[in-house]
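The values are calculated or read from the model by the stated rules, or taken from the named source; none is laboratory data. The structure presented is a predicted model; accordingly, all values stated were derived computationally and were not measured. Virtual Cβ from ideal backbone geometry, glycine too; neighbours counted across all protein chains shown.
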Amino acid sequence: MKGKIDMDIKRLDLFCKVVELKSFTRAAAEAGLSQPSVSEHIRLLEESLGEKLLDRLGRQVVPTPAGQCLYPYARKMVRLREESLQAMAAFRGELGGPLSIGASTIPATYLLPRLVALFHQSCPAAKMTVRVGDSEQVCQRVVAGDDAFGLVGGRLRDSRLAFEQVAEDRLVLVVPDSHPFSGRDAVEASELTSCAFIRREPGSGTRAQVDRSLVQMGVDPEKLDVVAELGSTEAVRQAVRAGCGVAFISSLAVEGVDGDGVTVLKVRGMDNRRGLYLVRRKGRQLSPLAEAFVKLLQAEKNNLP
């Protein structure tokens with residue numbers, strides 16, 4: 001392409017927001033701008049590059065092939081800008097700015113709230129965004145550089161990622177109060193094949209750990225009578241409470257609820273322990289703000305579950 005190309009960082013940031021949120025309106029709301037203003041910035045970016053970057057397909061906005069090519073580079077440029085500003089703030093003895101991290105449902109619900117509160121006390125100028133998904137989705141975002149790091153309930157086999165255990169969790173069996181098992185303290189693993197079963201979705205760390213434990217006890221997870229797959233711990237717990245079936249969920253999610261429509265049981269011989277992990281991309285330098293949060297997390301390890 002001939003002539004000067006204007007790669008305005010603000011326009012690249014807005015472009016990334018539109019791609020990630022699949023909407024001009026939502027991107028405008030997150031950026032604190034009007035929708036027409038965002039549209040004009042994108043038009044100017046497209047004009048400077050000589051390529052159409054975004055298409056409207058129904059209610060969604062998706063990147064064109066040119067937009068798909070640009071996005072990872074735009075994301076890197078925006079991230080580098082944020083990291084450079086944080087580095088200069090750290091040099092001046094100040095620390096603040098945006099920090100995006102990922103977390104699966106259990107760490108997001110039971111670990112992060114306290115950590116975020118502590119971090120805000122030491123870095124009040126920080127603006128944190130926590131993107132919640134299953135463990136696989138969180139790891140994918142860390143690999144792509146969309147999140148600085150993640151907290152997950154399972155380790156993926158990916159040579160690009162480094163995992164550090166920061167807490168321990170236990171998985172327990174929960175059944176409706178009306179279930180025949182509800183009057184017992186424990187059940188055999190073989191008895192689970194006779195139950196209507198509720199599972200987490202593929203990619204969930206909880207599901208992966210449950211499947212591994214069942215296989216170790218001689219139970220094929222594919223032979224369970226699965227009546228539903230649900231995308232969050234709370235959805236699973238409420239489905240059990242409604243009498244839909246039995247399920248394994250984190251012990252952190254059932255503290256104080258035994259008797260509130262559900263009964264918590266042990267499965268004899270089952271190793272129900274699992275780690276909760278900090279996950280980072282190998283070889284990637286964290287921003288000063290992200291590094292400060294990781295140091296806080298490591299310092300608080302003994303105070304986590």
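Please state which one of Arg199, Arg241 is charged (D, E, K, R), surrounded by 21 or more Cβ atoms within 10 Å (Cβ to Cβ) and either in contact with a strand residue (DSSP E or B) (Cβ under 8 Å, 6 or more places away or on another chain) or more than 30 Å from Gln298 (Cβ to Cβ) (or both).
Working: Arg241 fails: surrounded by 21 or more Cβ atoms within 10 Å (Cβ to Cβ).
Going through Arg199, Arg241 in turn, just one is charged (D, E, K, R), surrounded by 21 or more Cβ atoms within 10 Å (Cβ to Cβ) and either in contact with a strand residue (DSSP E or B) (Cβ under 8 Å, 6 or more places away or on another chain) or more than 30 Å from Gln298 (Cβ to Cβ) (or both): Arg199.
Check every one of the helices (runs of 4 or more DSSP H) wholly within region 1-111 and list those with 1 or more residues that are free of Cβ contacts under 8 Å to residues at least 24 places away in the same chain and in the same structural domain as Pro124 (by TED's automatic domain parsing).
Working: elements: 9-21, 24-31, 35-49, 65-91, 105-110.
Fully inside region 1-111 and qualifying: 65-91.
Farther than 13 Å from Pro288 by Cα, surrounded by fewer than 15 Cβ atoms within 10 Å (Cβ to Cβ), out of contact with any His (no Cβ under 8 Å at 6 or more places or on another chain) and among the small types (Gly, Ala, Ser), is that true of Ala117? Steps first, answer last, please.
Numbers: farther than 13 Å from Pro288 by Cα: yes; surrounded by fewer than 15 Cβ atoms within 10 Å (Cβ to Cβ): yes; out of contact with any His (no Cβ under 8 Å at 6 or more places or on another chain): yes; among the small types (Gly, Ala, Ser): yes.
It is true that Ala117 is farther than 13 Å from Pro288 by Cα, surrounded by fewer than 15 Cβ atoms within 10 Å (Cβ to Cβ), out of contact with any His (no Cβ under 8 Å at 6 or more places or on another chain) and among the small types (Gly, Ala, Ser).
Identify all residues within region 215-272 that are assigned to a loop (DSSP other than H, G, I, E, B), in contact with a Leu (Cβ under 7 Å, 6 or more places away or on another chain) and touching a residue at least 40 places away in the same chain (Cβ under 8 Å); write none if there are none. Spell out the reasoning first.
Step one: of region 215-272, the residues assigned to a loop (DSSP other than H, G, I, E, B) are 217-220, 224, 231-232, 242-245, 254-257, 259-261, 268-272.
Imposing the further condition that a residue be in contact with a Leu (Cβ under 7 Å, 6 or more places away or on another chain) reduces the set to 219, 224, 272.
The one that is assigned to a loop (DSSP other than H, G, I, E, B), in contact with a Leu (Cβ under 7 Å, 6 or more places away or on another chain) and touching a residue at least 40 places away in the same chain (Cβ under 8 Å): Asn272.
What's the number of the condition Thr193 fails, among (1) in contact with a helix residue (DSSP H, G or I) (Cβ under 9 Å, 6 or more places away or on another chain); (2) part of a loop (DSSP other than H, G, I, E, B); (3) surrounded by fewer than 16 Cβ atoms within 10 Å (Cβ to Cβ)?
(2)
Go through region 119-144 and give me each residue that's under 20 Å from Ala90 (Cβ atoms) and in a loop (DSSP other than H, G, I, E, B).
Passing the criteria: Cys123, Pro124.
Which residues, taken from region 145-190, are over 19 Å from the mean Cα position of the chain (by Cα), loosely packed, with under 14 Cβ neighbours inside 10 Å and acidic (Asp, Glu)?
Answer for region 145-190, where residues must be over 19 Å from the mean Cα position of the chain (by Cα), loosely packed, with under 14 Cβ neighbours inside 10 Å and acidic (Asp, Glu): Asp185, Glu188.
Only one of Leu156, Leu151, Leu112 is touching a Pro at 6+ places or on another chain (Cβ under 6 Å) and within 21 Å of Gly275 (Cβ to Cβ); which?
Values: Leu156 fails: touching a Pro at 6+ places or on another chain (Cβ under 6 Å); Leu112 fails: touching a Pro at 6+ places or on another chain (Cβ under 6 Å).
Checking each option against the conditions leaves just Leu151.
Taking the stated definitions as given, is Thr129 in the same structural domain as Ala27 (by TED's automatic domain parsing), within 18 Å of Val18 (Cα to Cα) and among the β-branched types (Val, Ile, Thr)?
It is false that Thr129 is in the same structural domain as Ala27 (by TED's automatic domain parsing), within 18 Å of Val18 (Cα to Cα) and among the β-branched types (Val, Ile, Thr).
Do you know which residues across region 284-305 are over 21 Å from the mean Cα position of the chain (by Cα) and free of Cβ contacts under 8 Å to residues at least 40 places away in the same chain? Before the answer, list the steps.
Going residue by residue through region 284-305, those that are over 21 Å from the mean Cα position of the chain (by Cα) are 288, 299, 302-303.
Scanning region 284-305 gives Ala299, Asn302, Asn303.
For region 120-144, how many residues meet the condition of being within 25 Å of Asn272 (Cα to Cα) and more than 16 Å from the chain's Cα centre (by Cα)? Before you say what the answer is, go through the steps one by one.
Residues of region 120-144 within 25 Å of Asn272 (Cα to Cα): 132-139.
So of that shortlist, the ones also more than 16 Å from the chain's Cα centre (by Cα) come out as none.
Going through region 120-144 one residue at a time, the tally reaches 0.
Please pick out the residue among Leu304, Leu278, Leu297, Leu289 that is surrounded by 19 or more Cβ atoms within 10 Å (Cβ to Cβ), within 20 Å of Thr206 (Cβ to Cβ) and either assigned by TED's automatic domain parsing to the domain that holds Asp185 or not hydroxyl-bearing (Ser, Thr, Tyr) (or both). Let's see the steps before the verdict.
Numbers: Leu304 fails: surrounded by 19 or more Cβ atoms within 10 Å (Cβ to Cβ); Leu297 fails: within 20 Å of Thr206 (Cβ to Cβ); Leu289 fails: within 20 Å of Thr206 (Cβ to Cβ).
The unique qualifying residue is Leu278.
The rows are residues; the columns are (1) under 30 Å from Gly97 (Cβ atoms); (2) modelled with pLDDT of 90 or more; (3) hydrophobic (A, V, I, L, M, F, W, C).
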{"residue": "Leu214", "(1), (2), (3)": "no, yes, yes"}
{"residue": "Asp220", "(1), (2), (3)": "no, yes, no"}
{"residue": "Val227", "(1), (2), (3)": "no, yes, yes"}
{"residue": "Ala242", "(1), (2), (3)": "no, yes, yes"}
{"residue": "Phe248", "(1), (2), (3)": "no, yes, yes"}
{"residue": "Ser251", "(1), (2), (3)": "no, no, no"}
{"residue": "Val257", "(1), (2), (3)": "no, no, yes"}
{"residue": "Met270", "(1), (2), (3)": "no, no, yes"}
{"residue": "Arg281", "(1), (2), (3)": "yes, yes, no"}
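Give Gly96, Gly67 a once-over and let me know the one that is small (Gly, Ala, Ser), surrounded by fewer than 18 Cβ atoms within 10 Å (Cβ to Cβ) and more than 13 Å from the chain's Cα centre (by Cα).
Numbers: Gly67 fails: surrounded by fewer than 18 Cβ atoms within 10 Å (Cβ to Cβ).
The unique qualifying residue is Gly96.
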